[in-house]
Amino acid sequence: MAFPTHGKSERDILEELHEFREKDIPFSSGRILGSMCTKPLPIAEKAYMEFLETNLGDPEHFMGAWEMEEQLLEMIKDLLHAPLDAAGQIVSGGTEGNLLAILVAKSLTGKKEIVVPSHAHFSFNKIASIMNLKLRVVDTSDAHVISINSLRNILSDKTAAVVAVAGSTELGAIDPIEEIGELCYDEHVFLHVDAAFGGFIIPFLKEQGYDLPNFDFLVNGVSTVSVDAHKMGCSAIPLGIVTVRDRRWFEDISVDAPYVSRKKQSSILGTRSGGPVAAAYAVIKHLGREGYQEIASRCMETTFYMKQRLNEVGLDTVIEPVLNVIEVKVKNLKEVMKGLTAKGWHVNPVERLSSFRMVMMPHITKQIIDEFIPDLEEVCKEVGEI
Ligand code: 0PR
């Protein structure tokens, strides 16, 4: 398409946009079963629009936006039991959160290897390539979490950081972060916890008595934690937060920014919108711990219901769900995927585990599961899966 010569009316353009949007699948349709995102709370949209023109890269003009950002970071530090010396940084999401954490580790240690489990998110491949680091993959146990013995053996004087995951992308599994933390603490190894998914659900399940391990700064050896508000935080894309145990580590990676009012920047991005920050601030204030607890327990209820219905039709999951992620084992992955897509259902294939992933986000209800299961059963029968 050529760059337009003449401008069009607002009405015509909005109509065009509407046509694009009609081709999207809204979360409200209930057909998106594999995503880690969800429909943001209505307040997120209002908050986002209010701060649309603000730039947190040059906050002198936007002192209000800056103050709001600081308060959001304080709330996240509180959620993650961060010590007084800790500091947070807004990022665009899990990928940038991981990148910034590993940049801190590399800068502090000067070392060139990062130890990751096989279930680490693919963002670490990007990070290794950008920073010229070597990835060492640590073995996992039968529960698909890091094996402590393998970790002990793989650590070396070249290790810049160990990565543990709290809510893995494929399974929602939580690495044994307390044990990993102890080992890393003893060995003086930097430990980054990728809680992009788990960060906004594990704390609220724990508050309700779910038996889940500590994953944040309560664990001594944890150096950095990244969480995403645009996943279980129920806010708008793009918004993540990475928190470091010692604020000086951010100073260590900062560069001088002489032309803007934030004189030192440790963020990857320069110009960045206050919109998503306002959305996350608003959603967190609107829900509070109680609101998130309610969402978290509802998501777990739908997870257990989905698991029960899957078992009833003769299907099983790779692990017992730990969080609201369900990984369904199938022998004929391609055919099952094809059948489900043809019926309008969207799940995510995980070839490595011969399975497909579903995430019981807040937009998934029992009613949707009741519509999905008969379609899945039909597809599985057609391809001889059950
Ligand atoms: N860390 C973990 C544990 C993740 O699961 C993800 C994304 C990231 C980091 C990277 O986060 P950003 O994508 O925000 O940079 N996990 C999901 C995935 O790749 C993201 C996703 C979201 C996928 C919505 C599909 C979808 O519809 O599977």
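The values are calculated or read from the model by the stated rules, or taken from the named source; none is laboratory data. This structure is a prediction, so every number in the text was calculated from the model and none was measured. Neighbour counts run over all protein chains shown; Cβ positions are idealised from the backbone, glycine included. These area figures cover heavy atoms from the full protein model, side chains too; ligands, DNA and RNA do not enter into them. Shrake-Rupley method; radii C 1.70, N 1.55, O 1.52, S 1.80 Å.
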| said: Condition check: aromatic (Phe, Trp, Tyr), touching a residue at least 60 places away in the same chain (Cβ under 8 Å) and away from the ligand (no atom under 16 Å from the Cβ). Does Phe197 satisfy that? | reply: no
| query | Between residues in segment 291-307 that are without any contact (Cβ under 8 Å) to a residue 60 or more places away in the chain and residues that are among the hydroxyl-bearing types (Ser, Thr, Tyr) and open to solvent by less than 30 Å² (accessible area, probe 1.4 Å), which pairs lie under 8 Å by C-beta distance while being six or more apart or on different chains? | reply | Lys307/Thr317
| In this structure, is Val145 among the hydrophobic types (A, V, I, L, M, F, W, C) and buried (at least 17 other Cβ atoms within 10 Å of the Cβ)? | yes
| remark: Within segment 324-337, residues over 16 Å from His363 (Cβ atoms) and in a loop (DSSP other than H, G, I, E, B) come out as Val330, Lys331, Asn332
| query | Would a scan of segment 271-285 turn up a residue that is open to solvent by 30 Å² or more (accessible area, probe 1.4 Å), over 30 Å from Asp211 (Cβ atoms) and in contact with a helix residue (DSSP H, G or I) (Cβ under 9 Å, 6 or more places away or on another chain)? | reply | yes
| field | Options Gly88, Gly93, Gly64, Gly34; residue that is within 16 Å of the ligand (Cβ to nearest atom) and in the same structural domain as Asn214 (by the TED database) | value | Gly93
| note | Looking across segment 228-264 at residues that are among the acidic types (Asp, Glu) and open to solvent by 10 Å² or more (accessible area, probe 1.4 Å), the single one that is farthest from the ligand (Cβ to nearest atom) is Asp256
| message | Looking at segment 246-271 only, could you name the residues that are within 19 Å of Ile102 (Cα to Cα) and of a type in the set (Asp, Glu)? | response | Asp246, Glu251, Asp252
| query | Could you say whether any residue in segment 39-59 is assigned to a loop (DSSP other than H, G, I, E, B), modelled with pLDDT of 95 or more and in contact with a Leu (Cβ under 8 Å, 6 or more places away or on another chain)? | reply | yes
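To keep it simple, each residue is scored yes or no on (1) open to solvent by 30 Å² or more (accessible area, probe 1.4 Å); (2) within 16 Å of Ser223 (Cα to Cα); (3) within 19 Å of the chain's Cα centre (by Cα); (4) without any contact (Cβ under 8 Å) to a residue 40 or more places away in the chain.
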{"position": "Glu74", "(1), (2), (3), (4)": "yes, no, no, yes"}
{"position": "Asp78", "(1), (2), (3), (4)": "yes, yes, yes, yes"}
{"position": "Asp85", "(1), (2), (3), (4)": "yes, yes, no, no"}
{"position": "Val91", "(1), (2), (3), (4)": "no, no, yes, no"}
{"position": "Glu96", "(1), (2), (3), (4)": "no, no, yes, no"}
{"position": "Leu103", "(1), (2), (3), (4)": "yes, yes, yes, no"}
| note | Residue hits (segment 51-66; open to solvent by 50 Å² or more (accessible area, probe 1.4 Å) and either among the aliphatic types (A, V, I, L, M) or within 11 Å of Gly270 (Cα to Cα) (or both)) are Leu52, Met63
| task | For segment 109-129, name all the residues that are open to solvent by 60 Å² or more (accessible area, probe 1.4 Å) and within 14 Å of the ligand (Cβ to nearest atom). | result | Phe122, Asn125, Lys126
| query | Can you spot a residue in segment 190-198 that is open to solvent by 10 Å² or more (accessible area, probe 1.4 Å) and over 25 Å from Val359 (Cβ atoms)? | reply | yes
| Has segment 365-383 got at least one residue that is assigned to a loop (DSSP other than H, G, I, E, B), within 16 Å of the ligand (Cβ to nearest atom) and more than 19 Å from Ala143 (Cβ to Cβ)? | no
| Just to be sure, is Tyr292 more than 23 Å from Asp194 (Cβ to Cβ) and surrounded by fewer than 23 Cβ atoms within 10 Å (Cβ to Cβ)? | no
| message | I need the full set of residues from segment 137-185 which are charged (D, E, K, R) and under 19 Å from Leu108 (Cα atoms), in order please. | response | Asp157, Lys158
| request: From Val225, Val165, grab the single residue that is touching a strand residue (DSSP E or B) at 6+ places or on another chain (Cβ under 7 Å), open to solvent by less than 10 Å² (accessible area, probe 1.4 Å) and away from the ligand (no atom under 11 Å from the Cβ). | output: Val225
| Taking Arg309 and the conditions (1) surrounded by fewer than 19 Cβ atoms within 10 Å (Cβ to Cβ); (2) under 25 Å from the mean Cα position of the chain (by Cα); (3) part of a helix (DSSP H, G or I), which numbered condition does it fall short on, given that it satisfies the others? | (2)
| task | Could you please let me know if Ile154 is within 15 Å of the ligand (Cβ to nearest atom) and either hydrophobic (A, V, I, L, M, F, W, C) or within 20 Å of the chain's Cα centre (by Cα) (or both)? | result | no
